Amino acid sequence: MEYLEKEIEESIEKILKKIKDTRKLKGLSHENMAVELNISPSAYNKLERRETTLSLERLLKIKQILDLSFSDLFDINSGDVYHQDLKEQSIGTVQNLYQENKEITEKLIKSQQDEIIFLRELINKTNK
């Protein structure tokens, strides 16, 4: 349980750091953020310093104000996510690649089957 609590604490700290760094990068002050969130500048300052709890609603509003994606806000690595925009010629290319892979796979299977037959015949000759 202690490990989980520590992990949550670290995640909260990372999110608050991301908010603070992004706010500064965009040239926004505590006052700017407070106005957008409809709270006082000191209340916003307490949020960044983690002296008060940040509600989900307020977190989502901050995300909008700072124009952060969820992956940026939560530091999710989306490097392995691929997006594909298929066009008509792309579909044909994919179908051709599929057909080529199918043909190669069939040839490999046939080759393996031929090798099995050969080895069985060799074993039979050896056993006689």
Unmet requirement for Lys125, which otherwise passes all of (1) exposed (fewer than 11 other Cβ atoms within 10 Å of the Cβ); (2) at pLDDT below 85; (3) within 28 Å of the chain's Cα centre (by Cα); (4) not in a loop (DSSP other than H, G, I, E, B): (3)
Pairs where the first residue, in segment 45-72, is aromatic (Phe, Trp, Tyr) and the second is not in a helix (DSSP H, G or I), C-beta under 8 Å, 6+ apart: Phe70/Ile76
Before we move on, is Leu59 assigned to a helix (DSSP H, G or I) and out of contact with any Pro (no Cβ under 9 Å at 6 or more places or on another chain)? yes
Check on Ile19, in a helix (DSSP H, G or I), in contact with an Asp or Glu (Cβ under 8 Å, 6 or more places away or on another chain) and surrounded by 12 or more Cβ atoms within 10 Å (Cβ to Cβ): yes
Subset of segment 30-49 (residues that are part of a loop (DSSP other than H, G, I, E, B) and loosely packed, with under 13 Cβ neighbours inside 10 Å): Asn38, Arg49
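The values are calculated or read from the model by the stated rules, or taken from the named source; none is laboratory data. Computed from a predicted structure; not experimentally measured. Counting neighbours? That spans all protein chains shown, and the Cβs are built from the backbone with ideal geometry, glycine included.
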